[in-house]
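The structure under discussion appears below in the form of structure tokens.
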Amino acid sequence: MEIKGGIDPAGAHERLGAAIKTLRDCKTKHPDSVTILLLRRETLTEGLLKRMQQSENEITQWFALEDILNSGQVQSDFIRVFLWER
């Protein structure tokens, strides 16, 4: 697991690019690995979502931190990823 973060929405694209590079390297070395991207909801611009969609081979699943904190269903979905339940 690698964590990249920040509170500056303007830097979200740069952090996403770095995260995607790391996730791509992981998937190349371990094709069956599960990669998770965590981000803040306020960074989800149209451009960021588009870039994430273009990188769907590298990102197994993504979550907004606020959703994990505020939604029981999202918390369950997040935990299921770690339990290998699909």
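The values are calculated or read from the model by the stated rules, or taken from the named source; none is laboratory data. This one's a predicted model, so the numbers in the text were calculated from it and none came from an experiment. Methodologically, a virtual Cβ is constructed for each residue, glycine included, from the backbone with ideal geometry; neighbour enumeration extends over all protein chains shown. For the accessible areas, the whole protein counts, side chains as well, though only heavy atoms, and no ligand, DNA or RNA atoms are used. Shrake-Rupley method; radii C 1.70, N 1.55, O 1.52, S 1.80 Å.
Note that the chain presents 70 Å² accessible area per residue, ligands and nucleic acids not counted, probe 1.4 Å.
Loop-resident GluC sites (Glu not before Pro) (DSSP state other than H, G, I, E or B) in segment 36-78 with no more than 15 further Cβ atoms inside 10 Å of their Cβ: GLU56. The helix-based estimate of mean residue ellipticity at 222 nm for the chain, built from -39,500 (n - 2.57) per DSSP H run of four or more residues and divided by its residue count, is -15500 deg cm²/dmol to the nearest 500.
Stretched out straight at 0.36 nm per residue, the stretch from THR60 to GLU42 would grow longer than its current Cα-Cα span by 4.4 nm.
Run the reach check for LYS50 against aspartates and glutamates, Cα to Cα strictly under 18 Å, same-chain hits fewer than 8 apart removed. What comes back? Straight-distance partners of LYS50: GLU14, GLU42, GLU58. Here the chain has 53 percent of its accessible surface on carbon and sulfur atoms, given a 1.4 Å probe and all protein chains in place.
FRET efficiency for the SER71 to ASP8 pair, using the beta carbon distance and R₀ = 30 Å, is estimated at 0.75.
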